[in-house]
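Below: the structure, in structure tokens.
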Amino acid sequence: MYATFLAHQWMGFWRSKGKGGTIATQLIMGFIVLYLAAVSIFIGYNMEHIIMEMLPGKDVILVFNGMILYYFTIEFLMRLQLQELPAMAVQPYLHLNIPKKKLVSFLNITALFSVFNLLPLLLFFPFAILKINSDFGPFACTMYLLAIISLMVFNNYAALYFKRLTIGNLKAGILGSIFLVAVGLLEYFKIFSIASLSNLVFHTITITPLLALIFPVAAVVMLTINTRFLRSNLYLEELQSAKQKKSSTDYPILDRFGEVGVYLALEIKLILRNKRSRSTLTKGLLFIFYGLLFYKQDKLAADKFWTLIFPAAFMTGNMIMLYGQFMFGWQSAEFDGLLTSKLNMRTFFKAKFLLFTIGSTLLTAAVSLYGLISWKILILQFAVYFYNIGVTSVITLYFATKNYKALDLSKGSSMNWQGITASTMLQTIPLMLSPYLIYLPISLILNPYWGIAAIAITGLAGLSTRNFWINFLTKEFQKRKYKIAEGFRQK
Amino acid sequence: MQKALDKNKMLEIKELKKEYAGTTVVDIDHLIINAGETVGIVGNNGAGKTTLFRMLLDLIRPFSGEILSKGKNVAHNDQWKNYTASFLDEGFLINYLTPEEYFLFVGSLQQYSPSEVMNYLTPYTELFNGEIMNSGKYIRDFSMGNQNKIGIVAALLQNPELLILDEPFANLDPTTQIRLKDHLKTLKAKQLTTLISSHDLNHVTDVCERIILFEKGKIIKDMYTDENTLKELEAYFSLRTF
């Protein structure tokens, strides 16, 4: 039976509609996996050496022990983001004469086929076999390996369980995130340390190896919990979506914008009520922390703004870039309806501009806190803010009139390549380069501050000629609207 | 073919052609739909009904020819949108809205206030059978039949002069089919021009005063309904059921 399931999955992959895209995606994913595996093996074999180089004078085993639980904590978070639930595939089998038990164990087995279940083996095994074996003997080494495998399995099912639980349950999701943030803060303020806990646990194992048996027990318990949950919830509607009542919402504030506000409210609902758009939005919010990496005091003091323009532009405008990239594919499911409705194309574009403006304004307001580091950051961010709403949004919408690919909104956005085309990839190039084209010559001829001013002025020029651009975009859209609508009908 | 000359034209189709990969799917020399007519479009799968409707709504570009709505080419301006309402498939619905939100959205495009929209919806409470309003579900979570109902009612809500429905009876429960039929008949009295495609010959002959029969994109029969129409149509289709 399992062989049949596997055969079906295999056929499902090869016969899928967007096969070309899927294969390309899988190839790229395959390369990434190979690369990660190679890096892991390299690190794994040279672990002792690397630790000695990076943290000279520290006990190698102490560092290694401290790392293990740390790794698995971060891995758990990554699994939550990236590991996919293998749930949808069972739908066609539910009504057939196949015991539920089999379906559940099939789900559990396929869940093990994940990169996350390969990397820890490559990373930790070589060191454990080389070093622990020679220092503490083969028995301790075996128990070490057992503990690591068990932790991996535990993480695997815990992440899936947590994900399944939170699909239909917002409360559990919020509670879980609060817990994780709390652990993170405790770690940050050194009240509680994962590293020292990890050290304590694995140090104990080296002394009394039998204690490591706790880990396989924990893994089996987690597997059982997961299996129970699956068995009692293997119903279509529960696998699919939340059951809580959906309420109608209004945004009275948007009424001030008249018809434009109506379309804007519609798009805000689209963003908040679909999985893919929601996860794109949260991804954008995470990029707010980009500044912590890029805004360096020495660069600011030397007025070397060219390294800062991209992060500033991206932080203030990532909503335009990440969300706008797929326009109007977000609305592909109802596009025919929009076209036949009493929709004025100019109004449609005005609503898009307003959406971009509101998004960028909110982001800019949030990242203005970086102004505490230096006032230079503040003027830079405002300059690129004007550039984003004046120029970037026009470029993005122009590319939108050349996007014929429907978007599936029901899947998350991470590692999701559906709907990505050459056009969506290409458009990021002018978006990223264009501020430099303005900044570099002027900052070389005059000075860096004039360069920033030029960026702001270009943005303001785009803003003040917005009517012209709306007409231009409307014309471009009319040229290709049949092709866009046609493309959106191909799901 | 008798056509009252005093009636004004709602739709005029001239030498309309559409091809897909070399096969002609729509090929109409000349067709006039008068204001106030209720027209049924029948034909087997592949007859070109949906393609014709999509061209009427300017969703696909004709290969050649033109469609005039109140004398104006639908592909060249948006005037027709002011008096035309349609529902072809669930691609016309906005699936992440609740039905109430969708009705309010459609109503707001006609400048109706929320209370006006709710007023216009009252005649359809019977049609909804208590399942649509205040159900706390997004449109995407409704059954096909109920999605159909939402789409049809949203079209009617716009008080159109021209109504275009693609297979409105499909997926509906028998009670709703009968109620919808009755409702469409009352609309006929209000001088609404209606275009309906359907595979249900009983319903379509019952509702429509004029039936146009398509085969492979061509009009092969265009007749005003009388007591013999149903038999005539059944005879045509039974020859083609192999």
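The table below gives the values:
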item: Test: A:Trp375 is of a type in the set (Phe, Trp, Tyr) and within 14 Å of another protein chain (Cβ to nearest Cβ); result: no
item: Single unsatisfied condition, B:Tyr20 versus (1) farther than 16 Å from B:Ser197 by Cβ; (2) modelled with pLDDT of 90 or more; (3) within 14 Å of another protein chain (Cβ to nearest Cβ); result: (2)
item: Some residue of the range A:462-484 being under 24 Å from A:Ala24 (Cα atoms), in contact (Cβ under 8 Å) with a residue 12 or more places away in the chain and over 26 Å from the mean Cα position of the chain (by Cα); result: yes
item: Close pairs (6 angstrom Cβ cut-off, 6 or more residues apart or separate chains): at positive phi in the range B:174-189, among the polar types (S, T, N, Q) and at pLDDT 90 or above anywhere; result: none
item: Qualifying positions in the range B:160-173 - free of Cβ contacts under 8 Å to residues at least 60 places away in the same chain and either within 13 Å of chain A (Cβ to nearest Cβ) or not aromatic (Phe, Trp, Tyr) (or both); result: B:Glu167, B:Ala170, B:Asn171, B:Leu172, B:Asp173
item: Where a residue in the range A:271-282 is touching a residue at least 60 places away in the same chain (Cβ under 8 Å) and its partner, wherever it lies, is crowded, with 16+ Cβ neighbours inside 10 Å and of a type in the set (Phe, Trp, Tyr), with Cβ under 6 Å and at least six apart; result: A:Asn274/B:Tyr96; A:Thr280/A:Tyr323
item: Test: residue in the range A:458-478 that is surrounded by fewer than 17 Cβ atoms within 10 Å (Cβ to Cβ) and within 11 Å of another protein chain (Cβ to nearest Cβ); result: yes
item: Spans of helices (runs of 4 or more DSSP H) in the range A:231-336 with at least 1 residues modelled with pLDDT of 85 or more; result: A:258-273, A:275-286, A:306-318
item: Hits in the range A:330-358 (condition: surrounded by 22 or more Cβ atoms within 10 Å (Cβ to Cβ), more than 13 Å from chain B (Cβ to nearest Cβ) and aliphatic (A, V, I, L, M)); result: A:Leu355
item: Checking A:Leu380 against (1) at pLDDT below 90; (2) away from chain B (no Cβ under 14 Å); (3) over 25 Å from the mean Cα position of the chain (by Cα), the condition it does not meet; result: (1)
item: The range B:93-149, subset of a type in the set (Asp, Glu) and within 14 Å of chain A (Cβ to nearest Cβ), residue surrounded by the most Cβ atoms within 10 Å (Cβ to Cβ); result: B:Glu101
item: Test: residue in the range B:162-178 that is charged (D, E, K, R), surrounded by 15 or more Cβ atoms within 10 Å (Cβ to Cβ) and over 26 Å from B:Asp27 (Cα atoms); result: no
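Residues are listed down the side, and each one gets a yes or a no for (1) in contact (Cβ under 8 Å) with a residue 12 or more places away in the chain; (2) over 27 Å from A:Gln9 (Cα atoms):
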| residue | (1), (2) |
| --- | --- |
| A:Val39 | no, yes |
| A:Ile43 | yes, yes |
| A:Met52 | no, yes |
| A:Ile74 | no, yes |
| A:Ile98 | yes, no |
| A:Leu103 | yes, no |
| A:Ile109 | yes, no |
| A:Val115 | yes, no |
| A:Phe136 | yes, yes |
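This table checks each residue for (1) within 29 Å of B:Phe169 (Cα to Cα); (2) facing chain A (nearest Cβ under 10 Å); (3) of a type in the set (Phe, Trp, Tyr).
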position	(1), (2), (3)
B:Leu57	yes, yes, no
B:Ile60	yes, yes, no
B:Phe63	no, no, yes
B:Leu68	yes, no, no
B:Gln79	yes, no, no
B:Ala85	yes, yes, no
B:Glu90	yes, yes, no
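The values are calculated or read from the model by the stated rules, or taken from the named source; none is laboratory data. Worth saying up front: this structure is predicted, and the values here are computed from it rather than measured. Glycine gets a Cβ as well: all are built from the backbone with ideal geometry, and neighbour counts include every protein chain shown.
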